[in-house]
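Please read the structure below before turning to the comments.
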Amino acid sequence: MRWPAFAAALLAAAPAQGQISSAAAPCAQCVRFSVSAAEALALPRRLDGLIVMLRVAAGAAATDWEPTLQDLRERGARVGLHIVGIPDAGDPVLRLTVAQFTIDVRNEPSSDAAATEQLVFRLKRAVAVVSGAQSRVSAEIVCPPALEGALQPLKDIGFGITIGSMPITTTPARLSDLLFASDGRLWLLPADPVSANQTVADLLRVMPWLPPRMLPRGTMACGSVQVPLYADPATQRLVGLSSSCPRSAVIAPAAPGAAVERLDLGDLSVFRITNSSHDALVESVGVTAPAELTADEIVGRHQAQAATQAAQVSTLISSGSLTLTFEAPGFAAPLTITSRTTIFTATGSTDLQQQDIRVNGVAFAGGGVPRLPIIEPERAAAPPLAITLNNLYRYRLDGRDTIDGHACYVIAFAPRDRRAALYEGRAWIAVDSFAIVRVSAVQTGLRGPITMSEQTDEFRDEGNGRWLLARTDVRQTYEGAGVRTPIHRLMILDHHLVNAPDFDARRAAAYASPDVMLRDTAQGFRYLTRSESPKSEHRSVSSEATRVVAGRAARVRTLAFGVLVDPNISQPLPFAGVSYVDFDLFGTGTQFSGFFGGAFGQLAFSAPSVAGSHWQLAGRAFGIATTYNDRAFEQGREQYAQDIRQRPAQASVWALRPLSARVTLRLGYDWDYTQFGRSDVTDALFVVPANQVVHGARLGLDLQRAGWQVSIWGNVAHRVGWKPWGFEGADVDESEPGSIDAFQRYGVSALRSIAFSPRVATRVEAAWMGGHDLDRFSRYSFGTFDNRLHGYPSALVRYDRGAVLRTAVAWSPAKAIRLDGFADTAQVHDPGFGTRTRNFTGIGTAVEAPAPFGTLLAVEWGYGVQGLDPDGGRGTHVVRITGYKVF
C-alpha cells in the first residue's frame, strides 16, 4: 500500500471531532461520584440507582457521616464509602454494609521500605475487616503508582479487591465523557453547586435508557452521521448514542419497522430502538463452575472471616480439662497432672484458672503459685494465617479434605526463613465459611530446652458463624538436665460463653479464689500471684483481691526416700536423699540437677542455646556406692565360679542441634567406669577383669512425628588398659572376645505417651539394638536404674542383640489414688542362654497414694516370668517403695 492511500484510510476510519466511538459501550450505572457530607445535601432529591461514594476521613466520628449515609439510602442511592487514609481495625466505618469501599492512601507516608511495610500491614488489617463484614464486597485501594507492586498481595484478602493508581478527578462538562470513562474512576463534583446538580440530574435521566452490560452492535444513520448502536442482552433492544446528530436529521433505523425514541441532554442524544426484528443481538454465555481459588486467596478469605469473628467476640469464657503427661525420674509410668481449666479471654489478655489440680491422681495441696516451673518452647514470631507486618509464610493449596462433615481446603504453610521461630504444617479451612476447622503444625527455629514441638488444634462451629477452639493436642521433646522426656498436653474445651454480661465479675471471682492462675504474656505463660490491695484509704480492713504476674519458679527441691529389693543385690537397698533442680543456674539459663541418696547419686546439667546459637550442651554423671552381682550363665545354667561383684559409674557429655523442626542431631562422648571384684563363690583360678575404663563417641538422630519420638544412634567405644580375664586368662576364644579392647553398639528406639483423658494415660516404647565385638561386660543388660525390664534384677540378662517392648497404663479410679500396670517383653540373644534368641517377659503393677506431711508414696512390684533368682528358681520379684515430697 502506498503511503498517501494508507493515510487516507486511517482518516476515514477515525471518528469525526465530537463523535462517539463504537469501540466501547457506555455505562451509566458505572458512574461513581465521591461527595462530602455537605456536597451530598446539594444532590437531587431522588437518586434512584446512582452510585454515591460518601467521602470520610479515617477515624472520623460516626456523627460526622452516619446521618448523611442514612439520608442517601433513603433517597435511593447505591451508597459506597470513599475513605481517605487508613482506618484502624476497630473503626466502625469498616463494618458498614455498603455497595463499595474505596480506601484512598495516595497521601499516606511511604518514603522508605519501613514506612511501606507499615502501610501494607495497616491496610491488611483494614481490608480483612471490610471483607469479613460482608460475604461479598467490592473494594479498591487507590495508591500512587510506586506502591502498586507492594500492595498486590492484598488482592487475596477480600472478594473483588482492586489495587491501582485509579484517577480521582473533577466531573467533566460533557455527559458523554462520564458515560464512556471505562477506567472506573471516581468523579469529584464541580465546585459550582448548580453545575454539579445539573450533571447529576442529566445522568439520572439517561440511566433508564442505558441498561448495564451493553455490547457494540453496528450503526444507524442520522442524516449523514453514523450513530453507534449498542445491544441490551436482556431485552434484545438497541440503544444509540451520538453527540453530533442534528435534531432535524432523518433517522434511518437499523432494521425495517423499528420504532425510535430520542432523548436530548445537552450535547448528547440517546436513541432507543424497539420492536426490532433484528437478528439475535448476542450469544448467551454460561458459566458451569466457579474458578478454583489460589492458596493466597483462601488464606485471605480466612483472614477476613477471622477479623469478622474477632469483632463479634469481645469476651470469651471457655471451660474444660487440661492433662499434662511427661516422664520423671523415679516414676515407672508417665507423671500425669490434671486440672479443670477455665480460660478468660478479653481484648489484649488471656488468663487461665486451674481448679482441682491432681498429680498422679492425688490432689495438689496448697494454692497460689506452684513450685514447678512452666516448661514451654520460646514464642513464635507470628502464628500461621495471621495478618503480619511481613510476609513470613509461604502458602500452598494441598487439595481438599472433609473434617467432621465439613468440606475443607487443605493449606500447607512453611516459613520463608526456616531458622526463625515460626510454624510449618497444614491448615484445614472450611469451603463455605473460610473458618479454620483444624490446624496442625510444628515449630521451627527452636533454641531452648524444648527441641521439638508439634501442635494440633481443632475448632468447632458454635453457631452464628463462630468457630471456637475445641481441642488442643501438643507433643514436645524436652531436653533438661540429665532428662529427656516427651511431653503431652491435651486440653479439651467443652463449653464456651461468648460476650457474657458478667465476664468481669467472673474473672474477679477467679482472682479472689485460691486457685492456680496463669496469664498468657509476650514472654509465655506466667503464674499469677494474689495481691491484696485496699479498696480505699478509708476502708483498709476491707480489701479487694487482685492478681499480678509472679516471678518464674527457678528451683525445685525434692526429698526422695525408699527401699529397693533386687535379687542381685544381696540385701534390700535403702536410700534417702535430696534432689535439687535449678532451672536458671547463676542467671545464665543453664539447668542443673543433682541427687544424692547415700547408695547412689547423680549430677546433670543442660545449657540451651550456647552463645545464642541453635546448639545445646548437656552432661550427666551417675554412680552407685553399693556393689551387686554380675552373674554368668552357660547354656542357661548359672556358673557361680565366675560370679563378679561390680560397682559402676558413668559420665557423658553431648551436644544437640535441631536440623529441622522434627529432626535433631546428637553428638556425644561417653565415659564408663566399672570396678570389679570377687564374690564369696568366685573360683580362685578365675581371673577377675581389671577395672573397666571405656571411652566412647556417640552419634544420633532424634525424630518426632505424630507424638512418636524416634532415636537412631551409634556408639564406638575403646577400653583403656583392658587385659585378658577368665580362667587362667584363657579368654581368647572367638566366642568370648574378652581380649578385644574396642567394640561398637547401635540401635533405634521409638516412644509415645498418650493422655486419653484426665484419668487414663499410657506409654509404649519399642527398641532394637545390636553391636559388634561385644563381650560379657560390654553387652547390653537390663537393670534397676537403666534399661529396665519389669521383674528382672540388675545384670541378670546380658545380650548382644535383640528387641524390647515396654508398655504402661496409668489409671486414677479415685481422687486420692492411682494404679499403674506394666507389661514388658524382650526377644534378645544372650550367649549365656544359647545361640537362639530368647523371650523374657515381665509384668508389674504400682499404686500411688498420698502420705502424711504432703508426701506422695509409690509402691511398685514387678515379676520376671523367665527370671532366675540366686538359688536357681524360676521367676524373680523386684520391689521398689519410694516416697516424694517437694519443698
Decide, for segment 83-208, between rounded, prolate and oblate: order the square roots of the alpha carbon gyration tensor eigenvalues as a ≥ b ≥ c, take rounded if a/c falls under 1.5, and otherwise choose prolate if a/b is larger than b/c, else oblate. prolate
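Report the convex hull volume per residue for segment 589-740, counting only C-alpha atoms, in Å³. Write out the running numbers ahead of the final one.
Working: hull volume 25.1 nm³, N = 152.
Spelled out: Cα convex hull of segment 589-740, divided by residues, is 165 Å³.
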The FRET efficiency for residue 63 and residue 88, from their Cβ-Cβ distance with R0 = 25 Å and rounded to 0.05, is 0.90
Once residue 655 and residue 502 are pulled to full extension, the length gained, defined as 0.36 nm per residue separation minus their Cα-Cα distance, is 49.8 nm
Using the crude model of +1 on Lys and Arg Cβ and -1 on Asp and Glu Cβ, and no other charge, please compute the dipole size for the chain relative to its Cα centre, in debye to 20. 760 debye
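Loop only per DSSP, at most 13 neighbouring Cβ atoms within 10 Å: give me the trypsin sites (Lys or Arg not before Pro) in segment 793-881, ordered by residue number. Don't jump to the answer; show the numbers that get you there.
Details: sites: 798, 801, 806, 815, 818, 836, 838, 874, 880; in loops: 815, 836.
Those that pass, being in a loop and sparsely packed, are 815, 836.
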Taking 0.36 nm per residue of separation between residue 807 and residue 183 and subtracting their Cα-Cα distance, the length gained on full extension comes to 217.5 nm
Using alpha-carbon positions, the gyration tensor of segment 810-887 gives root eigenvalues a ≥ b ≥ c; with a/c under 1.5 called rounded, otherwise prolate if a/b exceeds b/c, else oblate, the class is prolate
At what distance in nm do the modelled label points of residue 529 and residue 578 sit from each other, each positioned 7 Å from its Cα along Cα→Cβ? 2.2 nm
In Å², rounded to a whole number, the accessible area per residue of segment 795-887 with probe 1.4 Å is 44 Å²
Expressed in angstrom and ordered largest first, the alpha-carbon extents of segment 22-135 along the principal axes are 46, 44, 29
Measure nothing fancy, just the Cα-based angle from helix 193-206's long axis to the longest principal axis of the chain, in degrees from 0 to 90, nearest 10. 90 degrees
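So if R0 is 25 Å, what FRET efficiency would residue 691 and residue 667 give, r being the distance between their Cβ atoms, rounded to the nearest 0.05?
0.35
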How high is the FRET efficiency from residue 234 to residue 173, r the C-beta distance, R0 25 Å, rounded to 0.05? 0.20
If I model a spin label as a point 7 Å beyond the Cα along the Cα-Cβ vector, how far apart are those points for residue 675 and residue 706 in nm? 5.0 nm
Enumerate the aspartates and glutamates that residue 124 could reach by cross-link, defined here as Cα to Cα under 19 Å, with residues fewer than 8 away along the same chain left out. 88, 91, 104, 108, 112, 140, 148, 156, 296, 297
Taking N as the residue count of segment 293-332, its alpha carbon Rg divided by 2.2 N^0.38 Å gives 2.21
Could I have the simple spin-label model distance between residue 310 and residue 46, label points 7 Å from Cα toward Cβ, reported in nm to one decimal? 4.6 nm
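Using Cα-Cα distances under 8 Å and only pairs 6 or more residues apart, what relative contact order does segment 632-692 have, in percent? Walk me through the numbers before you get to the answer.
Numbers: 89 pairs, mean separation 22.0, N = 61.
Reported as a whole number, the value is 36 percent.
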Expressed as a whole percentage, what fraction of the accessible surface of segment 593-689 belongs to carbon and sulfur atoms when a 1.4 Å probe is rolled over the protein heavy atoms? 59 percent
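Which whole-number percentage describes the relative contact order of the chain, with Cα contacts under 8 Å and a sequence gap of 6 or more? Could the numbers behind the result be given before it?
Numbers: 2181 pairs, mean separation 64.2, N = 887.
RCO, the chain: 7 percent.
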For the chain, the charge dipole (Cβ of Lys, Arg +1; Cβ of Asp, Glu -1; about the Cα centre) points to a positive end, and the Cα of 142, 766, 882 closest to that extreme belongs to 142
Calculate what fraction, in whole %, of the accessible area of segment 49-188 sits on carbon and sulfur atoms when a 1.4 Å probe is rolled over the protein chains. 51 percent
Could you rank the peptides 204-213, 633-642 by their average count of other C-beta atoms within 10 Å per residue, with the highest value first? 204-213, 633-642
If pairing requires two Cys Cβ atoms under 4.7 Å apart, which cysteines of the chain are left without a partner? 143, 408
Heavy-atom SASA rank of 630, 670, 296, 267 (probe 1.4 Å, accessible area, largest first): 296, 267, 670, 630
Mind ordering 186-198, 107-119 by average Cβ neighbours within 10 Å, highest first? 186-198, 107-119
Cα gyration tensor category, rounded, prolate or oblate, for segment 750-864 with a/c compared to 1.5: prolate
Over the chain, the quotient of the Cα radius of gyration and 2.2 N^0.38 Å is 1.38
Helix 295-312 sits off the longest principal axis of the Cα atoms of the chain, rounded to the nearest 10 on a 0 to 90 degree scale, by 90 degrees
MRE, 222 nm, helices only [DSSP H, n ≥ 4, -39500 (n - 2.57), over the chain, to nearest 500]: -3500 deg cm²/dmol
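The values are calculated or read from the model by the stated rules, or taken from the named source; none is laboratory data. All values derive from a computational prediction rather than experimental measurement. Here the Cβ is made from the backbone with ideal geometry for all residues, glycine too, and neighbour counts use every protein chain on show. Heavy atoms of the whole protein, side chains included, go into the accessibility calculation; ligands, DNA and RNA do not. Shrake-Rupley method; radii C 1.70, N 1.55, O 1.52, S 1.80 Å.
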